[in-house]
Amino acid sequence: FVFNTVANNGVNGIINYPTPRFSVDKDGRGLFVGSVSAGNAAFGTWSNDPSYAWFGHYNQNNVMNGYSGILHRDDGTMVIYSPINKAIYLGINSSTVAQISQNRFDVTGNISASGNIEGNKLYAKGDGTGNIFVGNDSVLGDINQANVLWLYGQQNSSAGYIKFGNDSNNFGYN
């Protein structure tokens, strides 16, 4: 590599003849062709879509490991890719609060949603402790007895009622 002035546009650069690999524009910004590595970090333009900037581990952005890294698209879109069979961890203050694996999203703590939560199945796990709180009045729970669902009130765990339609009567036990 040789540091030279590129006469045709007044840009200084490191030139690997015949193609420049690094240049500095008139505003002082370093411009690189391809990606750049610094220690184990690499960054550059993502090879599959030049509208994305890429940052990741220098030996993980390949087909064998599965493309990985953080991508930031020129329209503001952010994408995080993990290598094949590897998880993505989200943390706060050195503690993992969420893990995204190939078929799972595990969270430590509470999950809040302002919209609907949809899926084929909803599990409230925990033998005798897997409960679903409905509003501020009732609970559906596991009582740790085969084929038995526990319906009870949040104010009185000895009572549990179901109301069908607009009828004023309730069906249940107290």
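The values are calculated or read from the model by the stated rules, or taken from the named source; none is laboratory data. Quantities reported herein were computed from a predicted structural model and do not represent experimental measurements. Cβ sites come from the backbone with ideal geometry, for glycine too, and all protein chains shown count toward neighbours. Calculation scope for accessible area: heavy atoms of the full protein, side chains included, ligands and nucleic acids excluded. Shrake-Rupley method; radii C 1.70, N 1.55, O 1.52, S 1.80 Å.
A few points about this structure:
- Scanning region 122-140 for residues being open to solvent by 60 Å² or more (accessible area, probe 1.4 Å), modelled with pLDDT of 85 or more and not aliphatic (A, V, I, L, M) gives a total of 4.
- Tally of residues being open to solvent by 90 Å² or more (accessible area, probe 1.4 Å) and either in contact (Cβ under 8 Å) with a residue 12 or more places away in the chain or under 19 Å from Trp54 (Cβ atoms) (or both) across region 81-98: 4
- Any hit, region 110-117, residues being outside any strand (DSSP E or B) and surrounded by 11 or more Cβ atoms within 10 Å (Cβ to Cβ): no
- From Asp27, Asp74, residue being among the acidic types (Asp, Glu), more than 30 Å from Phe133 (Cβ to Cβ), open to solvent by 80 Å² or more (accessible area, probe 1.4 Å) and at pLDDT 75 or above: Asp74
- Selection over region 144-155 of residues that are open to solvent by 70 Å² or more (accessible area, probe 1.4 Å) and at negative phi gives a count of 6.
- Scanning region 132-174 for residues that are free of Cβ contacts under 8 Å to residues at least 12 places away in the same chain and among the β-branched types (Val, Ile, Thr) yields a count of 4.
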